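Here is the structure we will look at, set down as structure tokens.
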């Protein structure tokens with residue numbers, strides 16, 4: 001099934017069992033009308049949304065209480081008809097949104113971490129990654145005017161963008177308002193996780209020691225980022241953490257190389273974050289954006305097969 005998709009900003013809602021189960025503040029899709037029929041499951045919601053798509057009247061943009069990291073269901077229907085590779089995220093309210101995010105991150109497996117000296121360079125390297133087939137990007141708030149870069153990518157149908165280096169309530173609010181659909185912090189900041197819980201946005205908290213990892217998980221982090229893992233022994237450190245903490249989902253970040261992705265996954269990480277080796281801003285600035293595209297394509301081929309499919 002193929003649906004015509006036109007990029008836009010708006011909301012979409014659905015009624016289930018007499019109450020709304022889905023309300024995304026940025027649906028990235030103009031749809032003709034609300035999908036307000038009773039639905040029995042999220043799959044049913046997808047079907048109804050696809051059926052109701054057609055008119056060009058955008059939905060009103062409202063600051064809903066549940067800021068879900070989502071791409072409209074119709075986009076997933078479109079993508080599923082042509083590709084088996086991991087698709088951009090949808091985590092619905094009729095299930096735990098943290099669990100939906102975790103499963104999405106398992107499928108994505110590699111999260112490029114973008115750092116740059118200006119928003120223009122950050123957007124440019126992100127565009128190269130997207131061209132290479134990358135479907136998820138962490139835009140760090142250390143990038144000057146990072147929220148502009150997040151907003152520029154948030155309207156792209158082929159990528160899910162989150163914010164990294166989030167260290168305060170204000171950071172989290174600004175990033176979410178700009179369109180970030182998940183939040184990543186390098187530390188265990190209580191006000192960050194509290195803001196994300198209030199806005200219903202998945203949060204990845206940074207930790208290093210077993211005590212910090214356990215605290216971040218108990219505080220409500222969807223995933224705990226072990227950072228900087230490279231300085232602590234790499235994959236062997238992840239394996240050591242997983243022995244006493246097998247139930248805590250870990251993402252390895254900080255000094256992770258492209259060659260080590262499988263080793264980290266085999267050690268127990270559900271995903272890895274990779275910085276400059278993948279999101280190579282210097283290559284883009286010198287006019288070699290194709291190097292970034294090729295690196296992304298090669299990584300996806302290695303992880304998901306010759307065509308980037310799982």
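Only counting other Cβ atoms within 10 Å, I'd like 118, 196 sorted with the fewest neighbours first.
Neighbour counts put them in this order, fewest first: 118, 196.
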Notebook entry, point to check: What is the gain in length, in nm to one decimal, between residue 148 and residue 168 on full extension, counting 0.36 nm per residue of separation less the C-alpha to C-alpha distance?
Noted result: 5.4 nm
Notebook entry, point to check: Distance in nm between label sites at residue 257 and residue 231, each 7 Å beyond Cα in the beta-carbon direction?
Noted result: 1.9
Item checked: Footprinting exposure proxy for 155, 170, 247 (fewest neighbouring C-beta atoms within 10 Å first) -> 247, 170, 155
Checklist line | Length added when fully stretched, residue 266-residue 177, from 0.36 nm per residue minus Cα-Cα | finding: 28.4 nm
Note to self: On a full-extension model of 0.36 nm per residue, what is the gain between residue 291 and residue 198, subtracting their alpha-carbon distance, rounded to one decimal in nm?
What the structure shows: 29.4 nm
Next item on the list: Take the Cβ-Cβ distance between residue 103 and residue 247 as r, set R0 to 25 Å, and report the resulting FRET efficiency rounded to the nearest 0.05.
Entry: 0.95
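Every number here is computed from the coordinates shown, using simple stated rules; none is lab data. Note that the structure is a prediction, hence the values are computed from the model and not measured. Quick reminder, even Gly has a Cβ in these numbers, built from the backbone with ideal geometry, and neighbours come from all protein chains shown.
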